[in-house]
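Before any comments, here is the structure.
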Amino acid sequence: MDERLKKLVDDSENIVFFGGAGVSTESNIPDFRSENGLYSAISEYGVSPEEILSHSFFMSRTKTFYDYYWKHIIYREAKPNRAHRALAKLEEMGKLKAVITQNIDGLHQMAGSRKVYELHGSTLRYNCMKCRRPYDLDFAADPSHQADGIPRCPVCGGIIKPDVVLYEEPLDGDQIDGAVTAISQADLLIVGGTSLVVYPAAGFIRYFRGRNMVLINKQPTAYDSQADLVIHDSIGQVMDMDD
């Protein structure tokens, strides 16, 4: 772990981590908002990723939504990286009280983190839109449970939707409340792998009243001047606690 960060961690007892796409890209999950992601969506589908991943697009062009979703959002082979493992270790040590993530891949839980607020939901969970029955990724991704690429509920025949917050949809109230409470009680807030431009999630850091805020991101952010420590580097490299 970076020595400057380690000193702050050692001096803190109530740490909260707030992370974005940069945490997952180090597990080889591309950021769909990147230049490459934008190009592939427009060249293949004629629209931006944000439009495809919107509620209205899902409702009106469900087959195309799922075609994009299975190809560009689901990465079954992805594994937790050094940042995920370090956060799980800090929680195990009793120092980290919560992970707040904008990612939807479930890698924090796979690494061992238990207190995780998933602001944008998870690709691991699915629900029938008609009868509300829950399903998992293995079920939804199985072609035998799909009709023309769209997962269908075997009980009522309804369309199965990912438990992911699409554009035009509100964030889950319980996740918001938990995240805001955790941030407001933290003595150290570590913000990593996010450019802090996706709202409303990025606005959550204004609830921080603790001693130190650390920003770890490869590129500068608009909030760098508000942080006590800014590190422009790979988050896995900075947080590495692997023996």
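Observations
- Compactness of segment 108-171 - radius of gyration and Dmax, Cα, Å: 13.0, 37
- The angle between the Cα long axis of helix 173-185 and the longest principal axis of the Cα atoms of the chain comes to about 10 degrees, rounded to the nearest 10.
- Counting all C-alpha pairs of segment 1-46, share separated by more than 18 Å (%): 54
- Debye-sum result for segment 130-243 in log10 I(q)/I(0), which assumes one identical scatterer on each alpha carbon, at q = 0.12, 0.22, 0.23 Å⁻¹: -0.66, -1.15, -1.22
- Each part reduced to its alpha carbon centroid, segment 92-136 and segment 185-236 end up 21 Å apart.
- Enclosed volume per residue, in Å³, of the convex hull spanned by Cα atoms of the chain: 123
- Expressed in Å, the radius of gyration and Dmax of the Cα atoms of segment 42-169 are 16.2, 48.
- With coordinates expressed along the principal axes, the C-alpha atoms belonging to segment 1-80 extend over 52, 22, 22 Å, beginning with the largest.
- To the nearest ten degrees, helix 82-92 and the longest principal axis of the Cα atoms of the chain are 70 degrees apart.
- Share of Cα-Cα pairs in segment 80-122 lying beyond 12 Å, as whole percent: 52
Each value in this text was obtained by applying a stated rule to the coordinates, not by laboratory testing. Not measured: the values here are computed from a predicted model.
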